[in-house]
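Below: the structure, in structure tokens.
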Amino acid sequence: MTDDESPSWDFKDRDIAILCELADDPQLSSRELTNVLKSEYDIDVSHVTVSESIRRMRDEGVFREAIIPNEEYYTFALFEFKFNAEHFADSWRDAMTHIKEDKHTLFFFLSDGEYQWKTVMMFRGSEQISKWIHNCYKEHGDVIANIRNSSVHNVLKFRTDPRIYEDLREEQYE
């Protein structure tokens, strides 16, 4: 699957249970998952089937795996980008590529409203954030009218809640 394709997956109860359990504990082995599926969901399959299901869902893009550092090591910051419409047509792609490919960018997305690009970025400290903003304006100030940034403090939840996958089960029966 390429980054531009949406996953096409027909979810079975087994797949949803696997996603719930991996969201709760990403380190579970396929053998451990097999035992949990049997005891918690009354799903009796082999560890080979579980392993194959995980591999196929990963290959299809049903879920992504990423290494995210502990928030104690980095300052996470939300950046929002407002554009200068006068130079947007000529310069937007270079600016977007710069931000998307930057080593500090964890999450980059488009939104509506006045600030249409948003990123969650990671830095070692506030000085690094200031330098990044300064250099971004130097390189792409013709297209970026304003960068709004907020440091993220006191992260209270930093994981996928396994219950989110229950929505998939509900959609199956609609």
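A few notes on this one:
- Among residues of the stretch 129-149, those that are out of contact with any helix residue (DSSP H, G or I) (no Cβ under 7 Å at 6 or more places or on another chain) and farther than 19 Å from residue 68 by Cα, counted: 13
- Residues (within 14 Å of residue 80 (Cβ to Cβ) and either assigned to a loop (DSSP other than H, G, I, E, B) or within 26 Å of the chain's Cα centre (by Cα) (or both)) located in the stretch 134-155: 136, 144, 146, 147, 148, 149, 150, 151, 152
- Contacts under 6 angstrom Cβ, first residue in the stretch 43-69 being of a type outside the set (A, V, I, L, M, F, W, C), partner open to solvent by 90 Å² or more (accessible area, probe 1.4 Å) and modelled with pLDDT under 95, 6 or more apart: 60/1; 61/1
- Condition met for residue 131 (part of a helix (DSSP H, G or I), modelled with pLDDT of 95 or more, exposed (fewer than 11 other Cβ atoms within 10 Å of the Cβ) and more than 16 Å from the chain's Cα centre (by Cα)): no
- For the stretch 1-17, filtering for residues that are out of contact with any Leu (no Cβ under 6 Å at 6 or more places or on another chain) and surrounded by 11 or more Cβ atoms within 10 Å (Cβ to Cβ) leaves 7.
The values are calculated or read from the model by the stated rules, or taken from the named source; none is laboratory data. Quantities reported herein were computed from a predicted structural model and do not represent experimental measurements. Please note: Cβ atoms are built from the backbone with ideal geometry, for glycine as well, and neighbour counts cover all protein chains shown. When the accessible area is computed, the model is the full protein with side chains, heavy atoms only, and any ligands, DNA or RNA have been set aside. Shrake-Rupley method; radii C 1.70, N 1.55, O 1.52, S 1.80 Å.
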